[in-house]
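Worksheet for the structure shown next.
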Amino acid sequence: MSQNKFWQDKSLTQMSTAEWESLCDGCARCCLHKLEDEDTGEIFFTKIACRLLDISACRCTDYAERCAKVEGCLDLRSGFTQFHWLPSTCAYRLLAEGKNLPDWHPLVCGNLNRVKEVGIAINKFAIAENPSLDPVEHVIEWLV
């Protein structure tokens with residue numbers, strides 16, 4: 001019998017819904033508005049959060065209906081195979097790239113708040129979506 005954790009033994013497509021959902025570390029980086037350079041395909045994150053995001057909790061306020069309510073919101077389980085647009089710290093991207101989960105990930109360390117404690121979560125810098133904001137003026141560069 002394997003001593004590995006489910007994310008070490010299964011591909012993303014083999015995971016149950018519960019396993020899949022538990023991979024989310026709660027950072028909410030994926031809920032930030034992004035810009036794409038049309039020439040290079042490079043993705044730039046902004047500090048502007050989706051209107052459905054509770055910034056302090058780093059959780060969607062209507063997760064079940066998010067894709068219907070927010071244009072461009074994606075359900076990663078709907079056949080996506082490209083995860084390059086997710087943050088480099090995202091468990092889905094890391095596993096898709098054959099990498100390990102970081103030590104601060106809740107599944108590894110057992111602490112749901114660790115992602116905030118180590119500064120991976122967006123709760124300290126994200127700002128609420130507002131039509132008057134120019135996303136270009138709010139591009140951020142990740143330190144991690």
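What number of residues within the range 83-95 satisfy the criterion of being of a type in the set (A, V, I, L, M) and surrounded by fewer than 18 Cβ atoms within 10 Å (Cβ to Cβ)? Step through it out loud before you land on a result.
In the first step, residues of the range 83-95 are kept if they are of a type in the set (A, V, I, L, M); the result is 86, 91, 94-95.
Those left that are additionally surrounded by fewer than 18 Cβ atoms within 10 Å (Cβ to Cβ): none.
Matching residues across the range 83-95 total 0.
Being modelled with pLDDT of 95 or more, of a type outside the set (A, V, I, L, M, F, W, C), surrounded by 11 or more Cβ atoms within 10 Å (Cβ to Cβ) and not in a loop (DSSP other than H, G, I, E, B) is the requirement here; does LYS116 meet it?
On the way: modelled with pLDDT of 95 or more: yes; of a type outside the set (A, V, I, L, M, F, W, C): yes; surrounded by 11 or more Cβ atoms within 10 Å (Cβ to Cβ): yes; not in a loop (DSSP other than H, G, I, E, B): yes.
So LYS116 passes the test.
In the range 1-99, which helices (runs of 4 or more DSSP H) lie fully inside it and hold 3 or more residues that are touching a residue at least 60 places away in the same chain (Cβ under 8 Å)? Full working, then the answer.
Values: elements: 6-9, 17-22, 66-69, 91-96.
Passing ranges, in order: 91-96.
Restricting attention to the range 54-71, does a residue exist that is touching a strand residue (DSSP E or B) at 6+ places or on another chain (Cβ under 7 Å), closer than 19 Å to HIS33 by Cβ and not β-branched (Val, Ile, Thr)? I'd like the intermediate steps shown before the answer.
Quick first cut of the range 54-71, residues touching a strand residue (DSSP E or B) at 6+ places or on another chain (Cβ under 7 Å) only: 55, 60-61, 66.
After this cut, where a residue has to be closer than 19 Å to HIS33 by Cβ as well, the list is 55, 60-61, 66.
Add one more test, that the residue is not β-branched (Val, Ile, Thr), and what stays is 60, 66.
Scanning the range 54-71 turns up at least one residue that is touching a strand residue (DSSP E or B) at 6+ places or on another chain (Cβ under 7 Å), closer than 19 Å to HIS33 by Cβ and not β-branched (Val, Ile, Thr).
Of all residues in the range 13-24, which are over 15 Å from the mean Cα position of the chain (by Cα) and surrounded by 14 or more Cβ atoms within 10 Å (Cβ to Cβ)? Give the steps one after another, and end with the answer.
Step one: of the range 13-24, the residues over 15 Å from the mean Cα position of the chain (by Cα) are 13-19.
Scanning the range 13-24 gives MET15, GLU19.
Being surrounded by 15 or more Cβ atoms within 10 Å (Cβ to Cβ), among the hydrophobic types (A, V, I, L, M, F, W, C) and in contact with a Gly (Cβ under 7 Å, 6 or more places away or on another chain) is true for just one of CYS27, CYS58, CYS109. Which residue is that? Before the answer, list the steps.
Values: CYS27 fails: in contact with a Gly (Cβ under 7 Å, 6 or more places away or on another chain); CYS109 fails: in contact with a Gly (Cβ under 7 Å, 6 or more places away or on another chain).
Going through CYS27, CYS58, CYS109 in turn, the sole match is CYS58.
When you go through GLU129, GLU117 one by one, which is the residue that is over 16 Å from the mean Cα position of the chain (by Cα) and touching a residue at least 24 places away in the same chain (Cβ under 8 Å)?
Answer to the selection: GLU129.
Among the residues that make up the range 35-44, is at least one of them out of contact with any helix residue (DSSP H, G or I) (no Cβ under 9 Å at 6 or more places or on another chain), closer than 24 Å to PRO135 by Cα, of a type in the set (Phe, Trp, Tyr) and surrounded by fewer than 17 Cβ atoms within 10 Å (Cβ to Cβ)?
Initially, the range 35-44 is screened for residues out of contact with any helix residue (DSSP H, G or I) (no Cβ under 9 Å at 6 or more places or on another chain), giving 36-43.
Those still in the list that are closer than 24 Å to PRO135 by Cα too: 36-43.
Then keep just the ones that are of a type in the set (Phe, Trp, Tyr); that gives none.
Within the range 35-44, not a single residue is out of contact with any helix residue (DSSP H, G or I) (no Cβ under 9 Å at 6 or more places or on another chain), closer than 24 Å to PRO135 by Cα, of a type in the set (Phe, Trp, Tyr) and surrounded by fewer than 17 Cβ atoms within 10 Å (Cβ to Cβ).
So, of the residues in the range 126-142 that are assigned to a loop (DSSP other than H, G, I, E, B) and in contact with a Lys or Arg (Cβ under 7 Å, 6 or more places away or on another chain), which turns out to be surrounded by the most Cβ atoms within 10 Å (Cβ to Cβ)? Walk me through it before giving the result.
Taking the range 126-142 and keeping what is assigned to a loop (DSSP other than H, G, I, E, B), we get 126, 129-134, 140-142.
This time we only want the ones that are in contact with a Lys or Arg (Cβ under 7 Å, 6 or more places away or on another chain), so: 126, 129, 140.
On the way: ALA126: 24, GLU129: 18, ILE140: 15.
Here the answer is ALA126.
The values are calculated or read from the model by the stated rules, or taken from the named source; none is laboratory data. These numbers come from a predicted model, not from an experiment. Quick reminder, even Gly has a Cβ in these numbers, built from the backbone with ideal geometry, and neighbours come from all protein chains shown.
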